Structures are given as C-alpha cells and as structure tokens.
Amino acid sequence: YGHPRERRAPRGEDATVHPMKLSVIGVGYLGAVHAATMASVGHDVVAVDSDEGRVAALASGTAPFVEPGFDGLLRQTLDSGRLHFTADYRDVAEAGLHFIAVGTPQRPDSHAADLTHVYAAVGSLLPHIRPGAVVAGKSTVPVGTASDLEGRVVGAGGVLAWNPEFLREGFAVRDTLKPDRIVYGLSADAGRAGVALARLDECYAPMLSACPRLIMDFATAELIKVAANAFLATKISFINAVSQVCDAAGADVTLLAEAIGLDERIGRRFLRAGVGFGGGCLPKDIRALQASADLHGARHLADLLGQVDSINREQRDRIVELARTHVGGDLSGRAITILGAAFKPLSDDVRDSPALDVASRLADLGAEVTVCDPQALPVVARSHPHLTLEDDPRAALKGAELVLLLTEWDQFVALDPAEAATSVAERVIIDGRNALDPVAWREAGWTYAGVGR
C-alpha cells in the first residue's frame, strides 16, 4: 500500500481537475452532499436512489435537510448541468467510479449495524457497471464488510475500494471540499489496488494537494470512522463522568475542562460537560464498534464502549431529575420551555437528540412542554405531536416556570437574561450545555443550574 503516512501529492503534480463521470448511490445526507460537492469541482455526477420523492425534491433544487452552504451548492451544480438525480440505476452505466453512500442504521434487535441498504445498493448497481469500474464504499460499515463484497464486485467486472467519510453535520460541505484526511482502503490484489488508487486520485485531485492521503487495507479503512467517533464519544462521556464529581465536591467542570484541554496531548474540543451526545453517527457507531469488538473477542474495548454509552444515556436522566428538583418534585402541569430540539446547532437532525428525548420524558411525566428550535420544528411536528412547538424564543418563554437550554444555538446562547426574565413565570434555568454565563443570569435574578458547575 506504500507508506501509510504519505501526506500529499508529490511536488509539482498537476492538481487540475480532469472531469470524470461519477455516480453516487444513495441521496441521503452523505450522498447528496458528496454528489453536489464532486460536481462543484468539475465532475459529471449522477446520483441515484430508490426514494423517488427525495430524488424529485433534490432534482428541483430542494434540499431535504438543513446543512449550511448546501442549498446554494445544490442549485449551482444543477444549473451547471454537472449534477443529475435519478431513480433508475441504468443511468449510472457510463460512470467509471461509483460511490456507495447509503445509510447503515443500528439494527433493531442488536447494537450491530444494519447493512441491508449497502448490500441492496451494491446488488442494484453491479448489473449496470462497465468493466474496470471502481466501486468505492463511503458508508460506515463493520470491519469485514468490504472483504465480503469484493468477490461480488470483481465477479461483475469491477474493482472495490473503501473510502470512508468524515463529515460533521453543520460543516459537511467544507469537510468534503477541504478534508483533513482522505483514506483509501484498497484490495490485497496489487492490480486492483492500482486501478482504484489511480481512479480515486483522479477524482480527489483538487483536495490531494492540501491534505493527507492515507492508503491502507480494507479492514483498517473500515475501522477508522467508528474508532474516531468512539474516541470523541469517550471524551464527552469522560468529562460528563467528571462533572458528577464536580457537582458532589463543589468544583466547576468548565474551568477543569479548560485547564486540562490546554494540554496539547488532550485538546479542548469535545470536553464540554452537559446533556450528552446524540445524532445519527456517534451513538450508532460506538454501538457498532462494540458489537464488532464482541464478535472479535476484544472484551476490553466492548466493555469500555458500553460504559461510554451508559454514561451518555445517564446524562439525560440527570437533566430530567434536575428539572424535577427545580419545580419541587412534581412535574405535573408545570410549564417548561426547552430551548433546542436538534441534536446539535446548524442542523435539523433530531435522531437520538438528547434535547428532544428530555422534552419527551418531561411531557410523559405530566409537564406542559414547549419546544423552541430555529430549524428542527417541522421534523419534530411529525414525530412528536404531543409537544407544543414555537419558533420564536420570546414566545416560547412566555409563562415558563422552568427553562432548559439543551441545544446551544447562537440565538439561545445570546439571549439577554434580563429581557428573558420579563416573559417567564419563574426565573429558573437549567443550562444543559454549559453554554451560558452563570454570573450574568444570576445577576438578572435567575436561579441558574449547569452540569458540574
């Protein structure tokens, strides 16, 4: 595979884009963003999906999700004629490089990833590929999946590679156009590996002059994404576990995190205590890696990830109990406002959202819950009709006996505590993201409670 730490294209190598015909299989969050960004750098891209409604929406320039910068990029690349959406796999036959970008959700009966969509996508694609075409998996899959798929792809005359994605919601366009690394998992067969390497290099030429390119075997490439997410999740659960000691001892976890984060071996990111992580990646990826660790007998890793997951879920319990405490023990009929529904700012994604989970639990305990979010309310309306929804923070705060900040959108963090106090019935706020200034809120007459503060 060459040196695994090869970092950039050789000096003087031409990084000019040579337009390629590409296909992207799956037009969910990952696939739609990848298709549009590849078209934006000059490639001719056909994106295919069996969901005809989603295909039609994207083809008309309507993004089915919130992602900064994507709407304009989608319209720009559609107008350029370099991006096309279809529900017919026959339309991808001319492409020399096909990206598999379908979802791998957690299975309903275990922690393992559900590969139904991956195998269905490959099965639908292979009858339509030309000899020598490269099929590059971007979906996050358990280790061993690529080796299992390689025989099928080779049997259809193609070449398999694994090219994991590392997108962050809210930064997906930037992360695709300016990645911090590009990973190629290549076949053990030197000839097939060479074909895939050349084709991927041609596709990613605009990025390779400025970021590391790491070349490795299938298994290592498959493990990288889940290992990265598991490490980030571990940092979050670690600081949340420490926050429990801080609460008991009267220490401030935000100052502690700032101090240890200045150690370059640790770093400051992902060290904010709070209600915990959610979304479509971290929870399912740590569970998928835990399942793989169990399967391969890596007992310590499986146990560690089980604890990380448990700590994260218990943070939601802590916030619910904190809310109960601050209304005197009985939530029945109490007017509670939740600031935030998406699992993170700059997104409308509510998959495994801590904010929405806490809101639902409080409602189940009898509270009258109003949820405010600048982007996610249309999604929440479909999945949680029992919650009152309000997109205006001032209207959402009106009459509240308790306020919880659970998604740190800028407009919530920037609320003026004195002005907010004029709307509520009781000045009590739980800062579930440790994003507010406790001094400012207390000086405005609020009872302020953070996590580990």
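For the range 29-39, the set of residues classified as at pLDDT 95 or above and either open to solvent by 50 Å² or more (accessible area, probe 1.4 Å) or under 22 Å from the mean Cα position of the chain (by Cα) (or both) consists of Leu30, Gly31, Ala32, Val33, His34, Ala35, Ala36, Thr37, Met38, listed by residue number.
Of all positions in the range 344-351, none carries a residue that is of a type in the set (Asp, Glu), out of contact with any Gly (no Cβ under 9 Å at 6 or more places or on another chain) and closer than 20 Å to Arg272 by Cα. Under the condition of being of a type in the set (Ser, Thr, Tyr) and either in contact with a Gly (Cβ under 7 Å, 6 or more places away or on another chain) or closer than 16 Å to His326 by Cβ (or both), the residues counted in the range 395-453 number 3. Yes or no: the range 317-335 includes at least one residue that is more than 21 Å from the chain's Cα centre (by Cα), over 26 Å from Ile239 (Cβ atoms) and part of a strand (DSSP E or B). Yes: one or more hits. Does Val48 satisfy being in contact (Cβ under 8 Å) with a residue 40 or more places away in the chain, of a type outside the set (D, E, K, R) and surrounded by fewer than 24 Cβ atoms within 10 Å (Cβ to Cβ)? Taking the combined requirement at face value, the residue does not satisfy it. Going by the structure shown, is Leu346 more than 28 Å from Val245 (Cα to Cα), touching a residue at least 12 places away in the same chain (Cβ under 8 Å) and open to solvent by 40 Å² or more (accessible area, probe 1.4 Å)? Yes; evaluated as a whole, the condition is true for this residue. In the set (1) of a type in the set (A, V, I, L, M); (2) modelled with pLDDT under 95; (3) touching a helix residue (DSSP H, G or I) at 6+ places or on another chain (Cβ under 8 Å), the condition left unmet by Val159 is number (2). Between Ile215, Ile224, Ile239, the distinction of being touching a residue at least 24 places away in the same chain (Cβ under 8 Å) and in contact with a His (Cβ under 9 Å, 6 or more places away or on another chain) belongs to Ile215 only.
Determine whether the range 400-421 contains at least one residue that is under 27 Å from Ala249 (Cβ atoms), touching a residue at least 40 places away in the same chain (Cβ under 8 Å), open to solvent by 40 Å² or more (accessible area, probe 1.4 Å) and not charged (D, E, K, R). Within the range 400-421, none of the residues are under 27 Å from Ala249 (Cβ atoms), touching a residue at least 40 places away in the same chain (Cβ under 8 Å), open to solvent by 40 Å² or more (accessible area, probe 1.4 Å) and not charged (D, E, K, R).
Inclusion of Ser383 among residues that are among the hydroxyl-bearing types (Ser, Thr, Tyr) and open to solvent by 50 Å² or more (accessible area, probe 1.4 Å) is warranted.
The values are calculated or read from the model by the stated rules, or taken from the named source; none is laboratory data. Keep in mind that what you see is a predicted model, and the values were worked out from it rather than measured. Backbone-built Cβ (ideal geometry, glycine too); neighbour counts: all protein chains shown. Surface accessibility is based on the protein's heavy atoms, side chains included, excluding ligands, DNA and RNA. Shrake-Rupley method; radii C 1.70, N 1.55, O 1.52, S 1.80 Å.
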